[in-house]
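The values are calculated or read from the model by the stated rules, or taken from the named source; none is laboratory data. Remember, it's a predicted structure, so these values are computed and weren't measured experimentally. Here the Cβ is made from the backbone with ideal geometry for all residues, glycine too, and neighbour counts use every protein chain on show.
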Amino acid sequence: MRKKRRPTNWFVVASLIVLILLVSYLDRFVIPNVPPPFLPTATPTRNPDSYLAEAQALAEEGKFLQAINVYQEAILLKPNEPTLYLELARAQIYAGQYEAAITNASNALLLNPNNALAHAIRGWALTRQEKYDEANQAIQEALRLDPGNGVIHAHYAILLGKMYEKNTGPYTDPLKLAIEESKTALSLASGTMEAHWARGYILYLTGNRELAVEQYRKAIEIQPNIAQLHLELGVVYRSLEMIDEALQEYNLANTLNPSDYLPDLYSSRALAVIGKFSQAVQYAETAMRDNPTDPYVRGNYAYMLYKSYEWSAALEQFRLVVHGGQTEEGQTIEPLPIRNDEWIARYYYAYVILLAETGQCADVLTLTQVIRGALPGNEFAIYNTDYALSKCAQIPTPAATQAAATSTSAP
């Protein structure tokens, strides 16, 4: 009559125990840390204005490459804000990225064609690229839209100064106009770096070097981390024969923009002035490494080797400069045409002297004719080619005889 008892299923018992333990673990450790559904995320999307503030702070510190990256991130979040493109373009100018700066200033103009500062910044970048006609059109439009903006007048003054230096442009007397524009910029925007920069540059062009130093110093007080400002102040010091001060400014420029070859090139020339040719060679070589296919920069290296009596190496480099060719690394060097430039003239007549010193007199005759044809009024070129020809006249060869005859009939 008694019901038979079923045997215990130990598998089911074990499964229940495991399930109880799992539920207990979830209740104590997991569920309290899971955020409720449909609530905002704890880390909201970053505000584009915070990117702008960060980029501006980086630019103030002279970290323009980092600032450029942050501006670009801000633009991804806010692509229709012209201010972001303008600030990006300005940072790119300071970093030497002129083509990119033109593009971003143009982007700002697509969003607002009547933005005077966008036209001015685009003109500034075009000036740095030596596209003076386009720069003039851009800055004229900026002045039409905002004639009372001192910063725009500063950009215009610098453009006019460059036109004067390069002897180009539509103006009969660009330097006179540049002087007026630099004064206008200073009167309208005396607290800006751009106004003091422009005034210092024009004072340098007009021979007022000490006053130029003062203006550059004021610009640097406002923004101490722009490589181009230190580079130009170094040039002013160099013209005043203040070589130590010039070298200090070149080194600062190089620290702020290590990829630019100009600080090293200018340092080599400053050191050559005081006879430190071994150091000059080192700086000249560094400049060449930064810009290896530019024959002008390579010519500076060759000239410093020549002044250091490293004639074999100098000859090799001068051949590449004057005739073009391939470097050991396989890079192509285009010939550097002779023109009325102080340093290019030096390259050519130093090369002629080396050819004469090494007895290559047929080449001396040919190159002498080229130099005198291109630089008939350059007394240093005439003197040095005369020396090379007289050197060759001491060697009894047909080429030397002809070279000596040319020397006696030369102007």
> Which of the helices (runs of 4 or more DSSP H) contained wholly in segment 118-234 include at least 1 residues that are farther than 29 Å from Tyr250 by Cβ?
Replying inline: 132-145, 150-166, 174-188
> Hey, does segment 187-203 have a residue that's over 27 Å from Ala95 (Cβ atoms), modelled with pLDDT of 95 or more and polar (S, T, N, Q)?
Replying inline: yes
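Kindly indicate the residue of segment 267-297 that is polar (S, T, N, Q) and touching a Leu at 6+ places or on another chain (Cβ under 7 Å) and also surrounded by the fewest Cβ atoms within 10 Å (Cβ to Cβ) among those meeting that condition.
Going residue by residue through segment 267-297, those that are polar (S, T, N, Q) are 267-268, 278-279, 282, 286, 291, 293.
Checking the rest, the ones that are also touching a Leu at 6+ places or on another chain (Cβ under 7 Å) come to 267, 279.
Details: Ser267: 27, Gln279: 18.
Of everything passing the filter in segment 267-297, Gln279 is surrounded by the fewest Cβ atoms within 10 Å (Cβ to Cβ).
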> Quick check, is Glu134 surrounded by fewer than 20 Cβ atoms within 10 Å (Cβ to Cβ) and at pLDDT below 95?
Replying inline: no
>> Just to be sure I understand, how many residues within segment 118-131 are surrounded by 23 or more Cβ atoms within 10 Å (Cβ to Cβ) and closer than 21 Å to Gly161 by Cβ?
In response: 9
> Is there a residue in segment 231-238 that is modelled with pLDDT of 95 or more, among the aromatic types (Phe, Trp, Tyr) and under 18 Å from Gly96 (Cβ atoms)?
Replying inline: no
>> Give all pairs with beta carbons closer than 8 Å in which a residue from segment 206-224 that is closer than 16 Å to Ala157 by Cβ meets a residue that is of a type in the set (Ser, Thr, Tyr) and part of a helix (DSSP H, G or I); count only pairs at least 6 apart in sequence or on separate chains.
In response: Ala212/Tyr201; Ala212/Tyr204
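Give Arg372, Arg346 a once-over and let me know the one that is farther than 20 Å from Tyr266 by Cα and either assigned to a loop (DSSP other than H, G, I, E, B) or without any contact (Cβ under 8 Å) to a residue 60 or more places away in the chain (or both). Talk me through it step by step, then tell me what you get.
Details: Arg346 fails: farther than 20 Å from Tyr266 by Cα.
The unique qualifying residue is Arg372.
A quick yes/no check of all residues on (1) modelled with pLDDT of 95 or more; (2) part of a helix (DSSP H, G or I); (3) of a type outside the set (S, T, N, Q); (4) under 23 Å from Glu357 (Cα atoms):
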{"site": "Glu241", "(1), (2), (3), (4)": "yes, no, yes, no"}
{"site": "Asn251", "(1), (2), (3), (4)": "yes, yes, no, no"}
{"site": "Asp264", "(1), (2), (3), (4)": "yes, yes, yes, no"}
{"site": "Ser267", "(1), (2), (3), (4)": "yes, yes, no, no"}
{"site": "Ala270", "(1), (2), (3), (4)": "yes, yes, yes, no"}
{"site": "Thr286", "(1), (2), (3), (4)": "yes, yes, no, no"}
{"site": "Ala313", "(1), (2), (3), (4)": "yes, yes, yes, yes"}
{"site": "Val321", "(1), (2), (3), (4)": "yes, yes, yes, yes"}
> Of these, Ala91, Ala100, Ala105, which one is on the phi < 0 side of the Ramachandran plot, free of Cβ contacts under 8 Å to residues at least 24 places away in the same chain, buried (at least 20 other Cβ atoms within 10 Å of the Cβ) and hydrophobic (A, V, I, L, M, F, W, C)?
Replying inline: Ala105
> Hey, Phe380 hits all of (1) surrounded by fewer than 13 Cβ atoms within 10 Å (Cβ to Cβ); (2) part of a helix (DSSP H, G or I); (3) at pLDDT below 90 but one; which does it fall short on?
Replying inline: (3)
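Here is a check on your reading of the model: is Arg298 in contact with a Pro (Cβ under 8 Å, 6 or more places away or on another chain), under 25 Å from Tyr348 (Cβ atoms) and part of a helix (DSSP H, G or I)? Full working, then the answer.
On the way: in contact with a Pro (Cβ under 8 Å, 6 or more places away or on another chain): yes; under 25 Å from Tyr348 (Cβ atoms): yes; part of a helix (DSSP H, G or I): yes.
When the stated conditions are applied, Arg298 passes them.
Looking at Tyr303, Tyr296, Tyr250, can you tell me which residue is of a type in the set (Phe, Trp, Tyr), in contact with a Gly (Cβ under 6 Å, 6 or more places away or on another chain) and in contact (Cβ under 8 Å) with a residue 12 or more places away in the chain? First the steps, then the outcome.
Values: Tyr303 fails: in contact with a Gly (Cβ under 6 Å, 6 or more places away or on another chain); Tyr296 fails: in contact with a Gly (Cβ under 6 Å, 6 or more places away or on another chain).
Matching residue, one of Tyr303, Tyr296, Tyr250: Tyr250.
So, in segment 325-343, of the ones that are touching a Ser or Thr at 6+ places or on another chain (Cβ under 9 Å), surrounded by 12 or more Cβ atoms within 10 Å (Cβ to Cβ) and assigned to a loop (DSSP other than H, G, I, E, B), which residue ends up modelled with the highest pLDDT? Even if it seems obvious, please write down each step before you answer.
Quick first cut of segment 325-343, residues touching a Ser or Thr at 6+ places or on another chain (Cβ under 9 Å) only: 325-327, 331-334.
Now restrict to residues that are surrounded by 12 or more Cβ atoms within 10 Å (Cβ to Cβ): 325, 327, 333-334.
Subset that is assigned to a loop (DSSP other than H, G, I, E, B): 327, 334.
Values: Thr327: 87, Glu334: 97.
If we take residues in segment 325-343 being touching a Ser or Thr at 6+ places or on another chain (Cβ under 9 Å), surrounded by 12 or more Cβ atoms within 10 Å (Cβ to Cβ) and assigned to a loop (DSSP other than H, G, I, E, B), then Glu334 is modelled with the highest pLDDT.
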